[in-house]
1. If I take the Cα coordinates of the range 155-273 and project them onto the principal axes, what are the three extents in Å, biggest first?
2. Where does the Debye-calculated log10 I(q)/I(0) of the range 64-118 sit at q = 0.15, 0.21, 0.24 Å⁻¹, using only Cα point scatterers of equal weight, no solvent?
3. With a bin width of 5 angstrom, please list the P(r) values of the range 216-289 as percents of all Cα-Cα pairs, from the 0 bin to the one holding the largest distance.
4. Return the carbon/sulfur percentage of the accessible area of the chain, one whole number, probe 1.4 Å, all protein chains in place.
5. Run the paramagnetic zone check for residue 48: 7 angstrom along Cα to Cβ, then residues of the range 246-284 with backbone nitrogen under 14 Å.
6. Can you find, among 104, 116, 160, the residue sitting farthest towards the positive end of the charge dipole of the chain, where Lys and Arg contribute +1 and Asp and Glu -1 at Cβ?
7. If you put +1 on each Lys and Arg Cβ and -1 on each Asp and Glu Cβ, how big is the dipole of the range 80-142 around its Cα centre, in Debye rounded to 20?
8. Select from the range 190-280 those chymotrypsin sites (Phe, Trp or Tyr not before Pro) which occupy a DSSP coil region and have at most 15 other Cβ atoms within 10 Å, ordered by residue number.
Amino acid sequence: MRNFLNTPINYYRALVVTLLLVTVTSGYSSATDFAWIEDAAKLERGTVELSVGGAYYSSAPFPFAGLDGDLYEAPWVGLRYSASDNAQFFFNGALRKTLSVGLADSALGSAELDQPVALGQSRSATGDFSIYSKFRFPIFSGKVDLGILTGFTMPNTNTASGLGLDRGATHGRILVGTNFGSLRLVGNAGIVIINNTTGPGQDDFFAYGFGAAIKPLNGLELHGELYGIDGPPDGIDDGLFDSLNVALGAGVITEKYAIDVTVKGFFKEPSPSAGVFVRFSRLFRTGRE
């Protein structure tokens, strides 16, 4: 199923709920960049991280428009600024999304498409951009990292393209992390309230994710995560539906540069058959060392 953050969704206000706390161990590590979940690890004050990349999804479905095909998101861009050891602000999104149409069926949103659909046709649009703030609470003597994430996704991708829903989204999550020696464990959970695309009312979704990261060699990081959303059983025609996804990645990290490759799998339908995301990052330090 499509990554929930990459799915164009309606305005939703998120009220954050509880999360399971992970068992305590000593210390913390620098924050890991997972595919979806966020790490509550201590940040480095005054750092700016600029990222560029791209993603490919095989047989990506868009049930509201009745479309299916190979989806390309490039260039993807991200920018993170750590204002302190415990506060970070960031945004990310694809400048362009392009779908190579492999299937076109009649659907709820078919009448809103801006041109007739033909198999093999490429349809493109601006991707949805998301803006977030992340705050860490230094408690439990540094043994457990606790934080909160809030943000919203702008409705940049329109329904006329077939790749969007003309809706924005608001996010809220509790973040928890801890270490078992060199193994980093992270959990996220939140509640998501989504305005319905087909009329008045809303859909309430529970969002969750669990991840682990390890650095077996100096400069090499391996990470994996399981994340998803669960909501009301009202079908998929409105473009809002449950997901359960897995992501496995490897990154090469130096003092200033990082390159990361993540492979994604999807367990709930409708979903792509597979996905891959590549990201290159450059770290800048501002202010005094």
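1. Cα spread of the range 155-273 along its principal axes, largest to smallest: 53, 29, 26 Å.
2. Result of the Debye calculation: -0.61, -0.83, -0.95.
3. 3, 13, 18, 15, 14, 12, 10, 7, 5, 3, 1
4. Details: 7780 of 12730 Å².
Here carbon and sulfur together make up 61 percent of the probe-accessible area.
5. Counting only backbone N, you get 282-284.
6. Toward the positive end, the furthest listed residue is 160.
7. On the way: 6 positive and 5 negative charges, 65 e Å.
With only Lys, Arg, Asp and Glu charged at Cβ, the dipole is about 320 debye.
8. Working: sites: 205, 206, 208, 210, 227, 241, 257, 266, 267, 277, 280; in loops: 241, 267.
For chymotrypsin sites (Phe, Trp or Tyr not before Pro) across the range 190-280 that sit outside H, G, I, E and B with at most 15 neighbouring Cβ atoms in 10 Å, the list reads 267.
The values are calculated or read from the model by the stated rules, or taken from the named source; none is laboratory data. As the structure is a prediction and not an experimental result, all values here were calculated from the model. Every residue, glycine as well, gets a Cβ built from its backbone with ideal geometry; the counts of neighbours run over all protein chains shown. Just so you know, the surface numbers come from the protein's heavy atoms only, side chains and all, with ligands and any DNA or RNA stripped out. Shrake-Rupley method; radii C 1.70, N 1.55, O 1.52, S 1.80 Å.
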